[in-house]
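Everything below concerns the one structure shown next.
We did not get these values from a lab; they are worked out from the coordinates using the rules stated. Note that the structure is a prediction, hence the values are computed from the model and not measured. Methodologically, a virtual Cβ is constructed for each residue, glycine included, from the backbone with ideal geometry; neighbour enumeration extends over all protein chains shown.
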Amino acid sequence: MKIKFCGAATSVTGSCHLLTSGDHQILLDCGQFQGNKVQEQMNHEEFPFDPAQIECVVLSHAHIDHCGRIPLLIKRGFKGTIYCSSATADLLDVMLKDSGYIHEKEAEWQNRKNERAGRPLIEPLYTYNDAVDSLKYVKAVEYDQLISINDDIKVVFNDAGHILGSAIIELFVNENDSTSKIVFSGDLGVVNRPILNDPTIIKKADYVIMETTYGNRVHPKEGNNMQALLDIIINTARRGGTTVIPSFAVGRTQELIYELNRYYESDDNSYHKELKKLKVYVDSPMAYAATEVFKNNAQVYDQEMREFIMRGDNPLDFPGLEFTKTSEESQAINMDHSPKIIISASGMCEAGRIRHHLKHNLWDKNSSIVFVGYQAEGTLGRTLIEGVDQVTLFGERIQVNAEIHNLEGFSGHADRDGLFNWISGFEKRPKQIFLVHGETESKEAFAYMLKEKLGYDPVIVREISEFELESATMISMDETIKDFMETESLDTLKLRVASVQDTLNALLKSPDTITNGDMTASKLSELKNLIVQLEKDAVNLGSAITDRT
């Protein structure tokens, strides 16, 4: 039995793992790579397997970094079944259609530029219609049901508590008259969080494939998150500013609505009067559609959420909450200069309406930008958190004057201690643990913790690579992907060097820098930030070379 890690091997995106047993090939997730341009380009590479040979996809949940290449898989020959929870199936209808629409629009935009420059036209990764076509392969199942995929493989979906419908997957694989149990964590949620149940504790496994997104970090204590957010909102409003919250349309947005509902509808808090004056705009058509899916899947809610509903209360709605659907409605938000709250996608600021709201608010010292979810390397969100002074949005340089806040406690991912508590729940000691879906530092730190406290010697998955499960021995590493990953670090360095050169040229050539001391200081600050990032990239490349040699 073999496992090939085809994504989320070197970062936290592109989840995709190929399990091979005899004549059976099963794919765990098929997600998009997200981040910088080099990572995005990986989506266009050939799969490191033949899609036509894949018997089925077992999908953990509906976030795009786990499901976003399913339409492409089908375009390239897959004709099997996609198994997922019933709530995930409902969300896929929203997520994949939206993703296809975005790919079409991005290709149209790029082709207008290519046509003017005399460059070849490009094809979208997939289209809206491709996404619609992929939905006919989806088979919805319920939690805690034993499903036979074929004569040799059975699967059970368990609640992962990460987003609506997210699952921890148990695979029972019969090979050579012996049954092995493989557990794929998917993305694990946080205990004692609203709306959803806690992640299921699994007691037995032979092999574990485990995420490590926050393997080296601990979230702030429960209860501090909302207090911190409310303080930011009220202080921002008192300055006359707007609070902008980049948020993932599925999961974090609904949790924010739920939490804000408690303070907007109850006058038993010191914020009530000031909050009632602030409108809350959820500016994301997908967030609206996803919230409707949440309302229709009460069967997976936790006890507190069900009690709200039984009392006739809708915790995903309150006076002052407004969903905006059309572009005109979205644009009108920024025409209103009164204090308000804007929740908009995408959560990492790489696409969507959030970029327009950042353009209108980043320069304003009275406003605040609040991040409530994971920000991958290379994304605009990560850049802002790291303290960049200027960004480019829609071809325009924007000074970052707004307050930038990062509230990791709102993340839907279990932190280091949550991950450790989950893996500690196994009563039968797994033969092997494979760590995926994390940046290198996160995986290494969590591996060290497992070895020191539990005596495990987990495999840190570092490349697109294949292992024999029983011995955890690496069988192969795809040479094309290896070369690509090596050039990724080099390409990142080249892009960073080019940015340094551009900034130097602007600093030296612009007459503004001679007459305007503030302009010079700004450019020098920008240059300093770029050089700091360049140094980090050089260190990462050196580490990668050391790992390979």
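Quick check on the chain: what does the Kirkwood estimate of hydrodynamic radius come out to from the alpha carbon pairs, in Å? Don't jump to the answer; show the numbers that get you there.
Values: mean 1/r = 0.0408 Å⁻¹.
That comes to 24.5 Å for the chain.
What is the chain's relative contact order, in percent, from Cα pairs under 8 angstrom and six or more apart in sequence?
Working: 1087 pairs, mean separation 87.8, N = 549.
Once normalised by length, the contact order is 16 percent.
How do Met286, Met1 line up, fewest other C-beta atoms within 10 Å first?
Values: Met286 22, Met1 19.
Neighbour counts put them in this order, fewest first: Met1, Met286.
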- Item | Model label zone, Glu142; criterion: amide N under 19 Å from point 7 Å along Cα-to-beta-carbon; scope region 50-90 | 83-90
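On a full-extension model of 0.36 nm per residue, what is the gain between Thr179 and Asn111, subtracting their alpha-carbon distance, rounded to one decimal in nm? If you can, show how the numbers build up before the last one.
Values: separation 68, 0.36 × 68 = 24.48 nm, distance 5.19 nm.
Extra length from Thr179 to Asn111 when fully extended: 19.3 nm.
What is the extension gain from Leu135 to Tyr101, computed as 0.36 nm multiplied by their sequence separation minus the C-alpha to C-alpha distance, in nm to one decimal?
Numbers: separation 34, 0.36 × 34 = 12.24 nm, distance 1.48 nm.
Using 0.36 nm per residue and subtracting the Cα-Cα distance, I get 10.8 nm.
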- Name the residues of region 195-235 whose amide N is less than 13 Å from a point 7 angstrom out from the Cα of Glu307 along the C-beta direction? 195
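Using just the helices of the chain, give the 222 nm mean residue ellipticity in deg cm²/dmol: DSSP H runs with n ≥ 4 each add -39,500 (n - 2.57), and the total is spread over all residues, rounded to 500.
Values: 18 runs with 217 residues, N = 549.
Roughly -12500 deg cm²/dmol at 222 nm, from the helical runs in the chain.
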- Message: Please compute the modelled spin-label separation between Asp152 and Asp417, points set 7 Å along Cα→Cβ, answer in nm with one decimal.
- Response: 4.4
- Ratio of region 296-397's C-alpha Rg to 2.2 N^0.38 Å, to two decimals? 1.34
- Do you know the relative contact order of region 224-410, to the nearest whole percent, from alpha carbon pairs under 8 angstrom that are 6+ apart? 32
- Fewest-first sequence of Tyr281, Tyr128 by Cβ atoms within 10 Å of each Cβ: Tyr128, Tyr281
- Checked region 224-410 with the C-alpha gyration tensor, a ≥ b ≥ c its square-rooted eigenvalues, rounded below a/c of 1.5, otherwise prolate if a/b is larger than b/c and oblate if not; verdict prolate
- Item | Ser86/Glu441 FRET efficiency (R0 45 Å; Cβ-Cβ; nearest 0.05) | 0.75
- Query: What FRET efficiency comes out for the pair Lys79/Ile475, r = Cβ-Cβ distance, R0 = 22 Å, nearest 0.05?
  - Reply: 0.25
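Give me the number: length gained by fully extending Glu46 to Glu396, i.e. 0.36 nm times residue separation minus the C-alpha to C-alpha distance, one decimal in nm. Please list the in-between numbers first.
Working: separation 350, 0.36 × 350 = 126.00 nm, distance 3.47 nm.
Using 0.36 nm per residue and subtracting the Cα-Cα distance, I get 122.5 nm.
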- Task: Mind checking which aspartates and glutamates have their Cα closer than 16 Å to the Cα of Lys113? Skip sequence neighbours fewer than 8 apart in that chain.
- Result: Glu104, Glu123
- Cα gyration tensor shape of region 251-315, rounded if a/c is under 1.5, else prolate or oblate by comparing a/b with b/c: oblate
- Item | Cβ-isolated cysteines (cut-off 4.7 Å), the chain | Cys30, Cys56, Cys67, Cys84, Cys349
- Item | Simple spin-label estimate for Glu292 and Ala351 in nanometres, 7 Å along Cα-Cβ | 2.1
